[in-house]
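Shown next, in structure tokens, is the structure this report addresses.
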Amino acid sequence: MLSRCRSRLLHVLGLSFLLQNRHPILLCPPRLMKPLVVFVLGGPGAGKGTQCARIVEKYGYTHLSAGELLRDERKNPDSQYGELIEKYIKEGKIVPVEITISLLKREMDQTMAANAQKNKFLIDGFPRNQDNLQGWNKTMDGKADVSFVLFFDCNNENSDLPSVNKADY
């Protein structure tokens, strides 16, 4: 129930019709929460994808793979970044941080717009270097909260990749 002062204010402002309902009407749409981010890092075959799948299942996070987002964007014929991503990947270079962050932010925004409760994200494979981290901090400052970093460090014996024998090549 609204207080007497609030009721008077609504009347003065010409909004007394809001008092006719038992449940107050929200004048503003609910604000989206800021994304809560966990960076997931480690070498190929370290188990990032496996552990992310478990965390998604148990704790309700959304798993975003930076590499997968870049590959999908590269294949998209309507992409504004597709050709540039293709060029960087062919040259074996890291895609500019602004592009990667743009793709990550777009995916987080779309996920949260579809379900405001889905604001927890595992970002797999990003940041890859200090430049990536600085770009994230500059672009996403105040727009997302990084909770922590999961770093998987395992030797080749514990890796889920098949061992490679150089003599085979």
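The values are calculated or read from the model by the stated rules, or taken from the named source; none is laboratory data. Please read these numbers as outputs of a predicted model, since none were measured by experiment. FYI the Cβ positions are ideal-geometry reconstructions off the backbone, even for glycines, and counts take in every protein chain you see. We work out accessible area using only protein heavy atoms, side chains counted, and drop any ligands, DNA or RNA first. Shrake-Rupley method; radii C 1.70, N 1.55, O 1.52, S 1.80 Å.
Count of region 56-79 residues, restricted to those that are in a strand (DSSP E or B) and among the β-branched types (Val, Ile, Thr), is 1. Of all residue pairs spaced 6 or more apart or on separate chains, those with beta-carbon atoms under 9 Å, a first member in region 89-106 that is free of Cβ contacts under 8 Å to residues at least 24 places away in the same chain and a second member that is open to solvent by 80 Å² or more (accessible area, probe 1.4 Å) are Ile89/Arg71; Lys93/Lys87. Taken over region 96-138, the criterion of being assigned to a helix (DSSP H, G or I), open to solvent by 60 Å² or more (accessible area, probe 1.4 Å) and of a type outside the set (S, T, N, Q) is satisfied by Glu98, Lys105, Arg106, Asp109, Ala113, Ala114, Asp131, Lys138.
So which residues in region 48-72 are closer than 24 Å to Pro96 by Cβ and of a type in the set (D, E, K, R), if there are any at all? Lys48, Glu68, Arg71, Asp72 - these are the residues of region 48-72 that are closer than 24 Å to Pro96 by Cβ and of a type in the set (D, E, K, R). List every residue pair whose Cβ atoms lie under 9 Å apart, where the two residues are 6 or more positions apart in sequence or sit on different chains, the first residue falls within region 113-129 and is under 15 Å from Ala46 (Cβ atoms), and the second residue, located anywhere, is buried (at least 21 other Cβ atoms within 10 Å of the Cβ) and among the basic types (Lys, Arg). Filtered contacts from region 113-129: Leu122/Lys48; Asp124/Lys48; Gly125/Lys48.
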